[in-house]
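Working notes, beginning with the structure itself.
Throughout, read-outs are computed from the coordinates displayed, never taken from laboratory work. Fair warning: this is a prediction, and the values are worked out from it, not measured in the lab. We place every Cβ from the backbone using ideal geometry, glycine too, and count neighbours over all the protein chains shown.
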Amino acid sequence: MPPIKLYGPPASSYVRTARLVCLEKSVPHVLEPIELGSDAHGERHPWHRVPVLEHGDVRLYETSAIARYVDEIGEGPSLVPARPPERAAMEQWISAINSYVYDAVVRNYVLVYVRSMLSKQPLDTDAVRAGAPKMERDLGRLDAAYAKRPWLAGEALSLADLFVAPIVATTAMFDEGRAALAGLPHLRRALEQLASRPSFATVHANLFA
Ligand SMILES: N[C@@H](CCC(=O)N[C@@H](CS)C(=O)NCC(=O)O)C(=O)O
């Protein structure tokens, strides 16, 4: 199989999710740089987001569509549960992450730190303080879900957990995120489970180097 091309920066949480699925399913992939917001980007993704996938004639955007595609063409057990209740739970969590958790945790908290690191400008501590409560709230909601079962959709790893992994891994890099996680044993256990997988180490090596 020719490698999949994934466009987007390696530190993006959604790009990391797409890469995790490729690695879990032994689907070769290469990361392609893209100038965010450029016309070339707009031709590949009308809303100028990442990741974008190209694989032969197949062009896709939206991480859940990319993840489903990679899961189906890849090797090994599917990361989409076979039974309707677990499959629906997976969909519920992917939708909740896309609609609520990403904004609360990444856009309004993590990205405040990342912007400061990349621009080498002082940290906007007001923005960190403003973002922290919703980050804590949504990590708490994930913790409550992981308290009920080993993985978000049940007994087995599913695509939903691969959406969670990059978000929580990056949040744990910063003070308030680390402090929140210290009080959330079930989410911490999930992160440890995810971090023990080779895919996680590959995707998180030299993240902001
Ligand atoms: N719904 C999209 C969201 C993708 C997304 O927001 N990606 C972020 C990076 S993690 C992005 O493109 N940010 C650039 C921007 O918001 O302009 C998906 O599932 O792929």
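Miscellaneous remarks
- Per residue of the chain, the DSSP helices (runs of n ≥ 4 H) give a summed -39500 (n - 2.57) that works out to -16500 deg cm²/dmol at 222 nm.
- Cross-link partners of residue 5 among lysines (Cα-Cα below 25 Å; sequence separation of 8 or more within a chain): 25
- Overall dimensions of the chain as given by Cα atoms, namely Rg and Dmax in Å: 16.7, 49
- Where labels lie 7 Å past Cα in the beta-carbon direction, separation of residue 208 and residue 137 in nm: 2.5 nm
- For region 101-196, the C-alpha radius of gyration divided by 2.2 N^0.38 Å, with N the number of residues, is 1.08.
- Working note: Debye formula, equal point scatterers on the alpha-carbon atoms of region 4-73, no solvent; log10 I(q)/I(0) at q = 0.11, 0.12, 0.18 Å⁻¹ is -0.21, -0.25, -0.58.
- In this simple spin-label approximation, residue 120 and residue 43 carry label points 7 Å from Cα along the Cα→Cβ vector, and these lie 3.4 nm apart.
- Relative contact order [Cα under 8 Å, 6+ residues apart], region 4-73, whole percent: 39 percent
- Förster radius 41 Å - calculated FRET efficiency between residue 82 and residue 111, Cβ distance, rounded to 0.05: 0.70
- The alpha-carbon of residue 148 sits under 18 angstrom from the alpha-carbons of these aspartates and glutamates, leaving out residues fewer than 8 places away in its chain: 86, 91, 138, 161, 192.
- Across region 142-189, Cα-Cα pairs farther apart than 12 Å form 61% of the total.
- Here the gap between residue 155 and residue 31, fully extended at 0.36 nm per residue and compared with their Cα-Cα distance, gives a gain of 41.5 nm.
- Across the chain, Cα pairs under 8 Å and at least six residues apart give a relative contact order of 21 percent.
- Computed from label points 7 Å out along Cα-Cβ, the spacing between residue 95 and residue 201 is 3.7 nm.
- Amide N proximity, region 26-61 versus residue 5 label position 7 Å along Cα-to-Cβ, cut-off under 13 Å: 30-35, 40-41, 43-45, 52-60
- Antiparallel beta bridges, as assigned by DSSP with both residues in the chain, represent about 65 percent of the total such bridges.
- The longest part of the chain holding none of the exposed loop chymotrypsin sites (Phe, Trp or Tyr not before Pro), meaning those outside H, G, I, E and B in DSSP with at most 15 other Cβ atoms within 10 Å, is 48-207.
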